């Protein structure tokens, strides 16, 4: 739309509201897309329906979208391959033996240790959010099930330890992407701005701190407390209304008990997945390198220019290939069985891949409607020097919540926030940090965010259950961040 209006907010917000109320995420997203296309078609319902179908087709015109969807489907293949080769069962037994051997405080202490291990794993894999969330979910879901820790808690830990950590450390694609946006606004030394922004990225730090607090003090609130109570008392990993994004054949680690348990059949493919990611990121960006740079500088630029979607796709293909070789070498699976396993694993994640298609489609719709631009224009009308950091954070959060993408939010907000900060004479690092943190905050609250969807899949839980249980923690951290930005804005303007 050339002149975005308040109508641009209705489609994503209605899709989100319907998803939460009905728990029918696919139908809700389709309804939101149709409504948006109805607005763009000037109220013609038939044209809106046809454009809705075409918008789903157009998702695959973007190679990045297609790679991400393939990556999610192939993760189902990798998980089922590790399960049927005895890898998951072997890893679970390996960890159980060590946990029981050092058990001095009962199951409660083991649960705390498991959650701490999951959190540390997520924060350590700060190269890419999808790899971080999926690794945490794949490694720890069987253990969380074994010791009756809810899958909702695992999804929360995976989600809240990935994006916040990626946003805090610039040595990844996030940092390179944001520096590129800053460079486009005429900032001569974007790395310096990004480094100075780190202490002011309040939401990301608070999100990580909140996870630590809930694990350390064993305190859960709202729907998360109910989920924890359900699994402890009944052993039910999902509530009765849940619609998990992963089929049960992928989550059943004991499905092929006749195959010997071999922990290396899980550890080695996952290690290949994790370590291939930065290597593939460098490889895909190496062609844009500058020979005049130093060795580290060339690697840094290559990583910044690399394709994240291509890197994760190549990484999961590499992991499946290694898992296949291991199974054939051990003679635990025939080539025919591996072939069938890969196809069944991909089919098991069909609901997630469909959700990803719809999430990308509604993201494209919000761009066509100008949702982000409208929000940015409306909020900028009441800005002041003191309110700028807090208002920037809230605006970025609203855009990310409505569009389901933090990176898309940065592309909208940084070209607006940088010149506004320069006009008001505000610290550029503080405003940049508010944009980054606001994008992560909105992503954590949004049911249409691709990273939220991936975290639900990684933990094999219902997507809406993940959103409901994570929301109170995100809102607490978000409110605290707003107050800190308000205080910072007021204090820095004192004579």
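How would you order 135-146, 408-419, 174-185 from highest to lowest mean count of nearby Cβ atoms within 10 Å?
So the order, starting with the most tightly packed, is 135-146, 408-419, 174-185.
Please check which bits of segment 456-495 a label hung off residue 20 would reach, taking the label as a point 7 Å along Cα-to-C-beta and the cut-off as backbone N under 14 Å.
Under 14 Å, as judged by backbone N against the label point of residue 20, lie 464-476 of segment 456-495.
Neighbour counts of other C-beta atoms within 10 Å: give me 128, 386, 93 arranged from fewest to most.
Ascending number of Cβ neighbours within 10 Å: 93, 386, 128.
I need to check one value: relative contact order of the chain, counting alpha carbon pairs closer than 8 Å and at least 6 residues apart, in percent.
The value is 26 percent.
Stretched out fully, how many nm does the piece from residue 97 to residue 46 gain, at 0.36 nm a residue minus the Cα gap?
Full-extension gain reported as 12.2 nm.
Report, to the nearest 10°, how far helix 222-234 tilts away from the longest principal axis of the Cα atoms in the chain, using its own Cα long axis and a range of 0 to 90°.
Around 10 degrees separate the two axes.
Please compute the length gained on full extension between residue 107 and residue 335, using 0.36 nm multiplied by the number of residues separating them and subtracting their Cα-Cα distance. All intermediate terms of the calculation are to be shown ahead of the outcome.
On the way: separation 228, 0.36 × 228 = 82.08 nm, distance 4.07 nm.
Between residue 107 and residue 335, full extension yields an extra 78.0 nm.
Quick one: order 420, 92, 312 by neighbouring beta-carbon count within 10 Å, fewest to most.
Going from sparsest to densest Cβ surroundings: 420, 92, 312.
Please report, in whole Å³, the volume per residue of the convex hull around the C-alpha atoms of the chain.
Hull volume over Cα atoms, normalised by residue count, gives 158 Å³.
Cα centroid distance between segment 16-79 and segment 155-212, in Å?
Value for the Cα centre distance between the two parts: 29 Å.
Please give the FRET efficiency for residue 422 paired with residue 483, using the beta carbon to beta carbon distance and R0 = 22 Å, rounded to the nearest 0.05.
Working: r = 25 Å, r/R0 = 1.15.
Efficiency at R0 = 22 Å is approximately 0.30.
Helix 106-124 sits at what angle to the longest principal axis of the chain, using alpha carbons and giving 0 to 90 degrees rounded to 10?
Rounded to the nearest ten degrees, it is 50.
From the C-alpha gyration tensor of segment 90-247, pull out the three semi-axes of the equivalent ellipsoid (sqrt of 5λ each), sorted largest to smallest, in whole Å.
34, 16, 15
State the dimensionless ratio Rg/Rh of segment 362-495 (Rg: radius of gyration of Cα atoms; Rh: Kirkwood radius).
Value, to two decimals: 1.01.
Helix-derived [θ] at 222 nm for the chain: sum -39500 (n - 2.57) over DSSP H runs of at least 4, divide by residue count, nearest 500?
Per the formula, -25500 deg cm²/dmol.
Ranked highest first by average number of other Cβ atoms within 10 Å, how do 237-243, 41-47, 434-440 line up?
Per-residue mean Cβ counts within 10 Å order the peptides as 434-440, 237-243, 41-47.
Any idea what angle helix 264-285 forms with the longest principal axis of the chain, computed on alpha-carbon atoms, 0 to 90 degrees, nearest 10?
For helix 264-285, the angle is close to 30 degrees.
What share of all Cα pairs of segment 1-129, in percent, falls into each consecutive 5 Å distance bin?
2, 8, 9, 11, 14, 11, 10, 9, 8, 7, 5, 3, 1, 0
Rank by packing, highest mean first: peptides 360-372, 444-456, with packing defined as the count of other Cβ atoms within 10 Å averaged across residues.
444-456, 360-372
Can you put 110, 131 in order, fewest other beta carbons within 10 Å first?
With the fewest neighbours first, 110, 131 line up as 110, 131.
FYI, it's all coordinate maths here, none of it is from the lab. These figures come from a predicted structure and were not determined experimentally. Because the Cβ atoms are built from the backbone with ideal geometry, glycine has one as well, and the counts that use them run over all protein chains shown.
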